[in-house]
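Colleague: Supplied in structure tokens, the structure appears directly below.
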Amino acid sequence: MLTLVAPDMTNGSGGQGGGMEETPWPAAVAPTLTGIDELDEVLPTCRACPRLVAWREEVARVKRAAFRDEEYWGRPVPGFGPRDAALAVVGLAPAAHGGNRTGRMFTGDRSGEVLYAAMYRAGLASRPDSVRPGDGLTLRSTRVTSPVHCAPPDNRPTPGERDTCRPWLAREFELLAPTLRAVLVLGGFGWQAVLPVLAAAGWRVPRPRPAFAHDAHVVLPSASEGGPLHLLGCYHVSQRNTSTGRLSPGMVEDRLRAAARVADIAE
Ligand code: SF4
């Protein structure tokens, strides 16, 4: 039975009701979680970022007209995919009327349509679209996640919110580490956010830190006896990038195929 439930934040500290010096709830709880299933169960109870809690719940209450008959998720969105994934695809944060509505990463919005269609063509998804939980979509040895788990206003989390959320992704990568061989990061925000996460999860990140690029590919050695991790970049599948032609569906597919190859899961 679930016993780790987030406190209701009223003081804006990100802690558990005390002063600024208190450890934020995610930093206190995430390291204690012993499996991906437990992480996926506990994370949606997080209320550590007052601004994002208010926004995600306001969006879920007001809704977009096209979805007015739907019950929005309105909570943190956990990663999606098998607990023994060899490849992680890392975005930025759930979309207000996408993941924040459906409760699944990149599900129910234009960005997700581009991503999952490319994953399907690359042999990583069981179907070319992602509509809602229960639609039958499964991912092959791939987990889709993000450095910020709540929908932010204007798709822009603050640095403080990014840092408060970091322990969730760090724990996710620690738990995936025995099987994880590659990470494909969508966009510069995710790239910057994921480097300290990977360092915390057990891989050596070089100094100066590698720069984001669409075709970036860096191999991070393990800080212990584990295997190396391939870190690859890809422009984010945002509507801005896809509608302007900066990022085509074929470019996304190419990067997914490259990541699948180094993760040793290419078809
Ligand atoms: S963004 Fe992350 S840390 Fe902040 S409330 Fe959401 S899940 Fe919690």
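Colleague: Pull up the DSSP beta bridges for the chain and report the antiparallel fraction as a percent, rounded to 5.
Modeller: Numbers: 7 of 20 bridges.
Looking only at bridges with both residues in the chain, the antiparallel portion is about 35 percent.
Colleague: What full-extension length gain, to one decimal in nm, is calculated for ARG51 and SER224 as 0.36 nm per residue of separation minus the Cα-Cα distance?
Modeller: Values: separation 173, 0.36 × 173 = 62.28 nm, distance 3.76 nm.
Net length gain for the segment: 58.5 nm.
Colleague: Contour minus end-to-end for ARG64 and GLU38, with contour as 0.36 nm per residue of separation and end-to-end as the Cα-Cα distance? Display every interim value, and only then the final one.
Modeller: On the way: separation 26, 0.36 × 26 = 9.36 nm, distance 3.14 nm.
Stretched fully, the ARG64-GLU38 segment lengthens by 6.2 nm.
Colleague: Would you work out which of LEU180, PHE80, ALA258 lies farthest towards the positive end of the dipole of the range 35-262, given +1 charges on the beta-carbon of Lys and Arg and -1 on that of Asp and Glu, about the Cα centre?
Modeller: Farthest towards the positive end: ALA258.
Colleague: Here's something else I'd like to know. For the peptides 186-196, 63-73, 224-234, 240-250, what is the packing order when you average, over each peptide's residues, the other Cβ atoms within 10 Å and list the highest mean first? Intermediate results must be reported in sequence, preceding the final value.
Modeller: Working: 186-196: 21.6, 63-73: 12.5, 224-234: 18.3, 240-250: 14.1.
My ranking of the peptides, most packed first, is 186-196, 224-234, 240-250, 63-73.
Colleague: Can you give the convex hull volume of the alpha carbon atoms of the chain per residue, in Å³?
Modeller: Numbers: hull volume 34.4 nm³, N = 267.
Convex hull volume per residue, Cα atoms: 129 Å³.
Colleague: Any idea what the dipole of the chain comes to, in debye rounded to 20, about its Cα centre with Lys/Arg Cβ at +1 and Asp/Glu Cβ at -1? Write out the running numbers ahead of the final one.
Modeller: Values: 30 positive and 28 negative charges, 142 e Å.
My answer is approximately 680 debye.
Colleague: Please list 99-107, 215-223 highest first by mean number of surrounding beta-carbon atoms within 10 Å per residue. Before the final figure, lay out each step's value.
Modeller: Numbers: 99-107: 26.3, 215-223: 14.4.
Averaged packing, sorted descending, gives the order 99-107, 215-223.
Colleague: What value, in deg cm²/dmol to 500, does the helix sum -39500 (n - 2.57) over DSSP H runs of n ≥ 4 give at 222 nm once divided by the residues of the chain?
Modeller: -10000 deg cm²/dmol
Each reported figure results from applying straightforward, stated rules to the coordinates on display, with no laboratory input. It should be emphasised that the depicted structure is a prediction, and the values quoted were computed from it without experimental measurement. Glycine also receives a Cβ, built like all others from the backbone with ideal geometry; neighbour counts cover every protein chain displayed.
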